[in-house]
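Have a look at the structure below, then the notes.
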Amino acid sequence: MYDERVRQECEKLGIEPPKVSSHGTEDDIQRSLKRLIPNSWHLEGNQLVGKTEVGELRQSISTEYILTGTDEKGMPILRKIKC
């Protein structure tokens, strides 16, 4: 439904409110979402970068850690740097 304010503004301007079409319920949308699983990891400075089929996921990490590889699930393995 339209916000009452939007309806009033459209009425004042003599125009029709915009059409609304549902893309599904929140549950429908949640069920159709695909989890992005990175297929490779690398470090760029303090950014841990995971590449997925639709782009990159980035996470800032402490500079006390270094990426040493991935585990059996494909998740990054970080090791604390010893000074």
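Taken together, the values in this text are just the output of simple stated rules run on the coordinates, not laboratory data. Values in this document were obtained by computation on a predicted structure and should not be read as measured data. Neighbour counts are summed over all protein chains in view; Cβ atoms, including those assigned to glycine, are modelled from backbone coordinates with ideal geometry.
General remarks:
- Charge sum, other residues only, whose C-beta stays under 12 Å from Ser40's C-beta, Lys/Arg counted +1 and Asp/Glu -1: -1
- Neighbourhood charge, 12 Å Cβ-Cβ cut-off, centred on Leu57 and excluding it, Lys, Arg +1 and Asp, Glu -1: +1
- Between the Cα long axis of helix 4-13 and the first principal axis of the chain there is an angle of about 50°, rounded to the nearest 10.
- Computed over the chain: relative contact order in percent, which uses C-alpha pairs under 8 Å that are six or more apart: 16
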